[in-house]
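Chemist: Please find one structure pasted underneath; my questions will follow.
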Amino acid sequence: MPSIFRIPRVHSISLIVALGVSGMASAASFDCSKAVSATDRQICASPELQKLDEQISVLFRQHTAGSDADAWRTDQRAWLRKRDQCSDTSCLQGAYHERVTVLEHGAGPFHWQGTWWRVDASGQYGGQLGLSDLTAQGVRFHLEASAGANQGELDGKARFDSNGVAHYVSGDASQRCVLNFRRAVNRIEIEQQGDFSACGAGMGVTYDGTYVRAARAPNRKPDLVTLGIVKTGAQDRAIRSLLGSDYDVLAATAGAVNESPSESTAPGTIVVDTFVQGLACDMKAVVIYDTSAHLWVGLWSSSAKAASPKLPADVTELRYYTNNPADKQHPPKPIESRRNQVCPSEREVLRLMP
């Protein structure tokens, strides 16, 4: 599963504040007038990140009032080092949303048995872990995971070592699946060795990641900034207003996101392609935006087709949206160039949206 994090390094202001050493009046958990690091400046430039930073500060203080306070402080330092490897707002928002999920599900004593969910800000890498039949020697697990439209499922018995880490090994030396289950304060971290085929899953599907215990899936619906489709909260809100219920359909296509310079002559225009792994021919989108707040969206989706029951089964609908009156009747070149690239057994129809 792709990670939003990279090699750790030490942070400055946010690290001190998040560990409860000082607190300043700000929308964030620290004084933005004293921001010095690249991460601090990115947080202070984004109202959304400032709110998330303060939310994490509040949740973290709740955990440091209990018996696991030292463990939580060490855990927070490690998270901050990982967070600081983010180079853009999309990465930071993903890191913050996932940390909020971890902290929100950190109350109460740790128990191995139960239902656990993979923490995922992208909405593309779902995972569920069931643990049962706990003994001093090991624990039985059932795993389900996805990557876009691809699925995986695995059952087995993981055995504890002397450090309390549970290990599962299957297969031969050439095609071996290894899973390590490790407690990290309130959650379980799964490390997978061996690719999707070694572990019997669909293409791109892995089981590794962070899992929190919850009665139901804990992840929030991702927004377009977190997904890397747009850069700012204002752009995200504008697309949400333009697309209405199709906003969630667009977000669901973001299994892969590829930003490119404009394919037209207009300066400052960005073209972003998205698609779902395993369904790239009919679950995809093109999002275009410029410095003048103009938006153009082409959306191919089975969900969009399902909302149009009069369409024949072999037809894929391309829904076209724009807030630029001059282009209401004619999709721009980057959308036109991708037309009729649907699944071989299907044909495409264009629907101009209000």
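Chemist: Which ones in the stretch 322-339 are among the polar types (S, T, N, Q), under 18 Å from SER241 (Cα atoms) and not in a strand (DSSP E or B)? Break it down into steps so the answer makes sense when it comes.
Modeler: Looking only at the stretch 322-339, we keep the residues that are among the polar types (S, T, N, Q), and these are 322-324, 329, 337.
Add one more test, that the residue is under 18 Å from SER241 (Cα atoms), and what stays is 322-324.
The answer is ASN323, ASN324.
Chemist: Go through the residues of the stretch 75-83 one by one and say whether even a single one is in contact (Cβ under 8 Å) with a residue 12 or more places away in the chain, of a type in the set (A, V, I, L, M) and out of contact with any Phe, Trp or Tyr (no Cβ under 7 Å at 6 or more places or on another chain).
Modeler: There is at least one residue in the stretch 75-83 that is in contact (Cβ under 8 Å) with a residue 12 or more places away in the chain, of a type in the set (A, V, I, L, M) and out of contact with any Phe, Trp or Tyr (no Cβ under 7 Å at 6 or more places or on another chain).
Chemist: Another one. For PRO267, which of the numbered conditions (1) modelled with pLDDT under 95; (2) surrounded by 18 or more Cβ atoms within 10 Å (Cβ to Cβ) fails to hold?
Modeler: Against the list (1) modelled with pLDDT under 95; (2) surrounded by 18 or more Cβ atoms within 10 Å (Cβ to Cβ), PRO267 comes up short only on (2).
Chemist: Now, a different point. Using beta carbons and a limit of 7 Å, which pairs, at least six apart or on different chains, have the first residue in the stretch 103-124 and more than 24 Å from HIS167 (Cα to Cα) and assigned by TED's automatic domain parsing to the domain that holds ILE190 and the second one part of a loop (DSSP other than H, G, I, E, B) and among the basic types (Lys, Arg)?
Modeler: Short answer, once both residue conditions are applied: GLY123/LYS221.
Chemist: A further question on this structure: Just checking, does the stretch 172-191 include any residue being outside the structural domain of GLU98 (by TED's automatic domain parsing), under 18 Å from GLU144 (Cα atoms) and of a type in the set (Gly, Ala, Ser)?
Modeler: No.
Chemist: Could you please find all residues in the stretch 72-107 being of a type outside the set (A, V, I, L, M) and either more than 18 Å from the chain's Cα centre (by Cα) or farther than 23 Å from LYS221 by Cα (or both)? Break it down stepwise before answering.
Modeler: The first filter runs over the stretch 72-107 and keeps only residues of a type outside the set (A, V, I, L, M), leaving 72-77, 79, 81-91, 93-94, 96-99, 101, 104-106.
Residues satisfying the conditions are TRP72, ARG73, THR74, ASP75, GLN76, ARG77, ARG81, ASP84, GLN85, GLY106.
Chemist: Working only within the stretch 188-241, note down all residues that are β-branched (Val, Ile, Thr) and not in a loop (DSSP other than H, G, I, E, B).
Modeler: ILE188, ILE190, THR210, VAL212, ILE239
Chemist: Restricting the search to the stretch 171-184, which residues are outside any loop (DSSP other than H, G, I, E, B), free of Cβ contacts under 8 Å to residues at least 24 places away in the same chain and not basic (Lys, Arg)?
Modeler: Within the stretch 171-184, the first condition is being outside any loop (DSSP other than H, G, I, E, B), and the residues that meet it are 177-184.
Next, only the ones that are free of Cβ contacts under 8 Å to residues at least 24 places away in the same chain stay: 177-178, 180, 182.
Within the stretch 171-184, CYS177, VAL178, ASN180 qualify.
The values are calculated or read from the model by the stated rules, or taken from the named source; none is laboratory data. Because the structure is a prediction, the values reported are computed rather than measured. As a convention, Cβ positions derive from the backbone with ideal geometry for all residues, glycine included, and neighbour counts pool all protein chains shown.
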